Amino acid sequence: MNKDILIILGSKSDLPIIEDAITFMDIKSIPYQMEIASAHRTPNKLEKIILDAKRDKIKVIIAVAGFAAHLPGVIASKTLIPVIGVPVASSPLGGIDALFSIVQMPPGIPVAAMGVGKSGAKNAVLYSLQIMSLNNKDYKSILDEYRKSFGDID
């Protein structure tokens, strides 16, 4: 089965941030793959992952990173696949540095930015589904069902 979402963690220590979102994808049978690659420490590995994502027709990339959080921007600079950045509160600045790094991309290299931490990771998955639901009624159904679970949407 083709994977639609690629999750790239900047570090293995970022795994707890994405675990609830992964559980959601597993329960909903949303095909994804996950890799660990740093924009700074393993740039060649990251480059290969991005090339593979293009070849494999990945539809959305979620990049989870802390500190300077260059990962989402570096990925976005190398592909037209939509990139969603999730900042991690791993530095003494509590994630605000990561958030600013993801939000403040130069013109021409957009990255969607979610909130810091686990809720941001879950929103990144939901936003991925919103993007993909434009051409996939199964993802739209998952979103409709999720929203209806709030009890205030018909």
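The values are calculated or read from the model by the stated rules, or taken from the named source; none is laboratory data. Quantities reported herein were computed from a predicted structural model and do not represent experimental measurements. Don't worry about glycine lacking a Cβ; one is built from the backbone with ideal geometry, like all the others, and counts go over all protein chains shown.
Of the residues LEU80, LEU46, LEU15, the single one that is surrounded by 23 or more Cβ atoms within 10 Å (Cβ to Cβ), free of Cβ contacts under 8 Å to residues at least 40 places away in the same chain and farther than 15 Å from MET114 by Cα is LEU46.
Each row is one residue, and each column tells you yes or no for (1) modelled with pLDDT under 95; (2) out of contact with any Phe, Trp or Tyr (no Cβ under 9 Å at 6 or more places or on another chain); (3) in a helix (DSSP H, G or I).
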site	(1), (2), (3)
ASP14	no, yes, yes
ILE17	no, yes, yes
PHE24	no, no, yes
ILE30	no, no, no
GLU35	no, yes, no
SER38	no, yes, no
LEU46	no, yes, yes
ILE49	no, yes, yes
LYS54	no, yes, yes
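Residue pairs whose Cβ atoms lie under 9 Å apart, separated by 6 or more positions or on different chains, with the first residue in segment 138-149 and at negative phi and the second assigned to a helix (DSSP H, G or I) and of a type in the set (Gly, Ala, Ser), are TYR139/SER128. Here ALA76 does not fit the description of being of a type in the set (A, V, I, L, M, F, W, C), under 18 Å from the mean Cα position of the chain (by Cα) and assigned to a loop (DSSP other than H, G, I, E, B). If you scan segment 1-24, which residues turn out to be within 22 Å of ARG55 (Cβ to Cβ) and either out of contact with any Ser or Thr (no Cβ under 6 Å at 6 or more places or on another chain) or of a type in the set (Gly, Ala, Ser) (or both)? MET1, ASN2, LYS3, ASP4, LEU6, ILE7, ILE8, LEU9, listed by residue number. Criterion applied to PRO106, PRO110 was being surrounded by fewer than 16 Cβ atoms within 10 Å (Cβ to Cβ), touching a residue at least 12 places away in the same chain (Cβ under 8 Å) and not small (Gly, Ala, Ser), and the one residue passing it is PRO110. When SER90, SER128, SER101 are checked against the criterion of being out of contact with any helix residue (DSSP H, G or I) (no Cβ under 6 Å at 6 or more places or on another chain), crowded, with 19+ Cβ neighbours inside 10 Å, in a loop (DSSP other than H, G, I, E, B) and among the small types (Gly, Ala, Ser), a single residue qualifies: SER90. Inclusion of ALA68 among residues that are among the aliphatic types (A, V, I, L, M), on the phi < 0 side of the Ramachandran plot and surrounded by fewer than 19 Cβ atoms within 10 Å (Cβ to Cβ) is warranted. Candidates PRO43, PRO92, PRO82: the one that is of a type outside the set (Lys, Arg) and farther than 18 Å from ILE8 by Cα is PRO92.
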